[in-house]
2 protein chains.
Amino acid sequence: MSSGPTVAVVGAGAVGCYFGGMLARAGVRVTLIGRAPHMEAIAREGLLLDGLRFHERIPIAATTSLEEGLRDAGVILFCVKTVSTESAARELQPFLAPDAAILSFQNGVDNVDRIYSAIGVHAIPVAVYVAAEITAPGRVTHTGRGDLIVGHRAAWPRQPDLEPLASLFESAEIPCKISPSIETELWTKMAMNCAYNAVSALTRARYGRMIQLAPVRTTMERAIAETVAVARAEGVSLSESAMIQAAYQLGEKMSGATSSTAQDIARGRPTEIDSLNGYVARRGAALGIATPVSDTLVALVKLLEESAVSRQSG
Amino acid sequence: MSSGPTVAVVGAGAVGCYFGGMLARAGVRVTLIGRAPHMEAIAREGLLLDGLRFHERIPIAATTSLEEGLRDAGVILFCVKTVSTESAARELQPFLAPDAAILSFQNGVDNVDRIYSAIGVHAIPVAVYVAAEITAPGRVTHTGRGDLIVGHRAAWPRQPDLEPLASLFESAEIPCKISPSIETELWTKMAMNCAYNAVSALTRARYGRMIQLAPVRTTMERAIAETVAVARAEGVSLSESAMIQAAYQLGEKMSGATSSTAQDIARGRPTEIDSLNGYVARRGAALGIATPVSDTLVALVKLLEESAVSRQSG
């Protein structure tokens, strides 16, 4: 397996560490690039992956330096928060091999466009489904799913070939589907995020409890309906009822999960709300689509974010 | 002054202790009736009133017994949470003197109707404006306003005379207006509560910070617009723009306040959301008025309440 590409994970938080860890566990050469305390713990003692089916300490390279981490990287899992998409793209550009593939593992539907605007590189969008949390420096707890959908942007060059990439993941027990319509997949995941992320952050509730309360289900269904309406206006046709059904299935399957937005709030970090309900609200306003529930969720998360950041620093 | 009526405060939390304390400080005979730790501290050491203009320890009778506390009470400040309106009314009924006046100091617009349904007594509605918090057993911190508007329900007997009641409050430095249209005053206060309470609880933000964030202002304005629409359908005419202006003035005047809903959440107690945005949502649904922002706020507070209660007990 060491004949395959070297993988670098940029922005190795819970999600990046989970997938990087699974690849490393399968023998793939992986370097994690992320924040100091987490990377230092992993460099010293390996990544402790507290999985659904196993609990293992995985030896894996970890660094805070892009220059060091990107050396020889043929595949880059781009896992940075969406607030930093452009800045992270510009920071990694000097160390990017000409034939390296950047896979955007991020939330939201416009990251690859933003990466292209920033550095002129066609990144590959990935719809990522996983529930994971950093529970201590060097330790990631996996609470649900862990599968990928990749695909080339409709209007972009269909390079590189996605088959070997999908095989690389599949060989590491990471289910990876290749989609002919990645926009639909990204918007589908967006609908899930718009249903769960803000509500989980505002109420500190896990997914399983969220879907048990009738008025919360109504809120989630309305957030999904607004997302579907905006997606349609952007040319991506989604079924509202299918999205709602998918959301409830996801809530049952990941009942113990809290959203990444909830985790950001808990850590006093900026959230990705502008790429989630905030994107729907912004595009809705531009397209003349009313998004009252999205607007409300965004306003509340923005204010909670301010409270959380000031509590951390104050 | 000791020739005036004896005042009992039923449900003496922050609001009841503030007004009871102000009356006692002016020489009125007052008994507070409330929960054990708070009442025991006050019976032992007096009420520590951490005021805007003063900081005083006020000797005042305090008990957990309705029978004891209501003895000789001519005026009852009914300050219980709206979730307990009927049950508290029934509990106090056996100890109620025939000519005692019950003043509902509660949030919401339907408490006096609920009291009448429960015990057949015409209570007097009061629109209460005060920001106060219990900061320790026996200690209440006052952070804003402290004024009242009283009036008889339009369709009810105009008894007792409200002038002596208003004078009683005024003599204790509690501004008290008599309104010929108390329904309008209650709905006006409702609009303020619907703008601030849930948002403050969900974001842990104080009022001053809430009104500085544009999307939050939009949320507040929409919550007010929905409240005004429901009030109109119920026959109470309010001006939306005047309500919005009043809300911003209130936020500036009480910039350090958090809502009672936020305080309930922090203590792991049930909130009054069903009497606030929940009332607007329920009446809106019955009257065919869309209330998407109210619905969303209610759903979120209900779920947060569940999280908060389970955290306290778990």
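The values are calculated or read from the model by the stated rules, or taken from the named source; none is laboratory data. Note that the coordinates shown come from a computational prediction; the quantities given were computed from them, not determined experimentally. Because the Cβ atoms are built from the backbone with ideal geometry, glycine has one as well, and the counts that use them run over all protein chains shown. For accessibility, only protein heavy atoms count, side chains too; no ligands or nucleic acids. Shrake-Rupley method; radii C 1.70, N 1.55, O 1.52, S 1.80 Å.
The equivalent ellipsoid that matches the C-alpha gyration tensor of the protein assembly as shown spans semi-axes of 56, 25, 19 angstrom, in descending order.
Where nothing but the Cβ of Lys and Arg (+1) and of Asp and Glu (-1) is charged, how large is the charge dipole of the protein assembly as shown around its Cα centre, in debye to the nearest 20? Don't jump to the answer; show the numbers that get you there.
Values: 58 positive and 62 negative charges, 110 e Å.
Around 540 debye, computed over the protein assembly as shown.
Accessible area per residue was computed with a 1.4 Å probe on protein heavy atoms; residue A:40 scores about 110 Å². Take chain B with all the other protein chains still there, run a 1.4 Å probe, and you get 39 Å² of accessible area per residue. The residues packed around residue A:93, meaning those with a beta-carbon under 15 Å from its beta-carbon, carry a net charge of -1 if Lys and Arg are +1 and Asp and Glu are -1.
How large, in Å, is the stretch A:152-298 by the Kirkwood hydrodynamic radius built from its alpha-carbon pairs? Numbers along the way, then the final one.
On the way: mean 1/r = 0.0614 Å⁻¹.
About 16.3 Å for the stretch A:152-298.
Remark: accessible surface ordering of B:152, A:55 (largest first) is A:55, B:152, probe radius 1.4 Å.
What part of the accessible area of chain B, given as a whole %, is carbon or sulfur when the probe is 1.4 angstrom? Let's see the in-between values first.
Details: 6100 of 12170 Å².
With neighbouring chains kept in place, the figure for chain B is 50 percent.
Using the Cβ of residue B:147 as centre and a radius below 12 Å, the other residues enclosed give a net charge of +1, where K and R count +1 and D and E count -1. Chain A packed on chain B takes about 2500 Å² of accessible surface away from a 1.4 Å probe, both sides summed.
Over every Cα atom in the stretch B:215-266, the radius of gyration and the widest Cα-Cα span, Dmax, amount to 12.7, 36 Å.
Just how many % of Cα pairs in the stretch A:78-201 lie over 18 Å apart, if you round to the nearest whole percent? Of all Cα-Cα pairs in the stretch A:78-201, 56 percent lie more than 18 Å apart. Taken along its principal axes, the alpha carbon cloud of the stretch B:1-53 reaches lengths of 31, 25, 19 Å, longest axis first. Rounded to the nearest 20, the size of the Cβ-charge dipole of the stretch B:193-311 about its Cα centre is 320 debye, with Lys and Arg at +1 and Asp and Glu at -1. Comparing the full protein assembly with the isolated chain, the residues of the stretch A:277-298 losing at least 10 square angstrom of accessible surface (1.4 Å probe) are A:292, A:293, A:295, A:296, A:297.
Normalised by residue number, the volume inside the convex hull of the Cα atoms of the stretch A:120-182 is 110 Å³ per residue.
Calculate, in nm to one decimal, what residue A:155 and residue A:167 gain on full extension: separation in residues at 0.36 nm each, minus their alpha carbon distance.
Difference between extended and current length: 1.9 nm.
Position residue A:36: other-copy label points at 5.0 nm, ordered by increasing distance, label point 7 Å along Cα→C-beta.
With the label put 7 angstrom out from Cα along the Cα-to-Cβ vector, residue B:241 ends up 4.5 nm from the copy partners, going from closest to farthest. Each Lys and Arg Cβ is given +1 and each Asp and Glu Cβ -1; about its Cα centre, chain B then shows a dipole of about 640 debye. Note on residue A:234 and residue B:53: with the Förster distance fixed at 60 Å, the Cβ-Cβ geometry gives a FRET efficiency of about 0.55. GNM remark for chain A: springs join alpha carbons under 10 Å apart, and the peak mean-square fluctuation among A:198, A:101, A:26 falls on A:26. Across the identical copies, the 7 Å label point of residue A:87, projected outward along Cα→Cβ, sits 5.1 nm from its counterparts, in ascending order.
Quick one: of the DSSP bridges fully inside chain A, what percent are antiparallel, nearest 5? Looking only at bridges with both residues in chain A, the antiparallel portion is about 35 percent.
Assuming R0 = 22 Å, what is the FRET efficiency of residue B:136 and residue B:68, from their Cβ-Cβ distance, to the nearest 0.05?
Details: r = 24 Å, r/R0 = 1.10.
Result of the calculation: an efficiency of 0.35.
Solvent-accessible area of residue B:218, all protein chains in place: 60 Å² (probe radius 1.4 Å, heavy atoms, ligands and nucleic acids excluded). Only one residue of B:245, B:102, B:58 has its Cα farthest out toward the positive end of the dipole of chain B, where Lys and Arg carry +1 and Asp and Glu -1 on Cβ, and that residue is B:245. For n ≥ 4 DSSP H runs only, could you compute -39500 (n - 2.57) per run for chain B, divide by its residues and tell me the 222 nm figure to the nearest 500? The per-residue figure over chain B is -15000 deg cm²/dmol. Pairs of Cα atoms in chain B fall into 10 Å distance bins, from 0 up to the last occupied one, in shares of 6, 28, 37, 23, 6, 0 percent. Per residue, the convex hull spanned by the alpha carbons of the stretch A:24-90 comes to 112 Å³.
The alpha carbons of the stretch B:246-311 give a radius of gyration and a Dmax of 13.5, 37 Å, in that order.
The loop-placed chymotrypsin sites (Phe, Trp or Tyr not before Pro) in the stretch A:1-74, going by DSSP, that have at most 14 neighbouring Cβ atoms within 10 Å of their Cβ come out as A:54. Each Lys or Arg adds one and each Asp or Glu subtracts one; over the other residues with Cβ under 12 Å from the Cβ of residue B:42, this totals +2. Taking a straight Cα-Cα cut-off under 29 Å and skipping sequence neighbours fewer than 8 places away in the same chain, the lysines within cross-link reach of residue A:189 are A:81, A:177, A:253, A:302, B:302.
Among the residues of the stretch B:200-214, those with an accessible-area drop of 10 Å² or more from chain alone to full protein complex, heavy atoms and 1.4 Å probe, are B:202, B:203, B:204, B:209, B:213.
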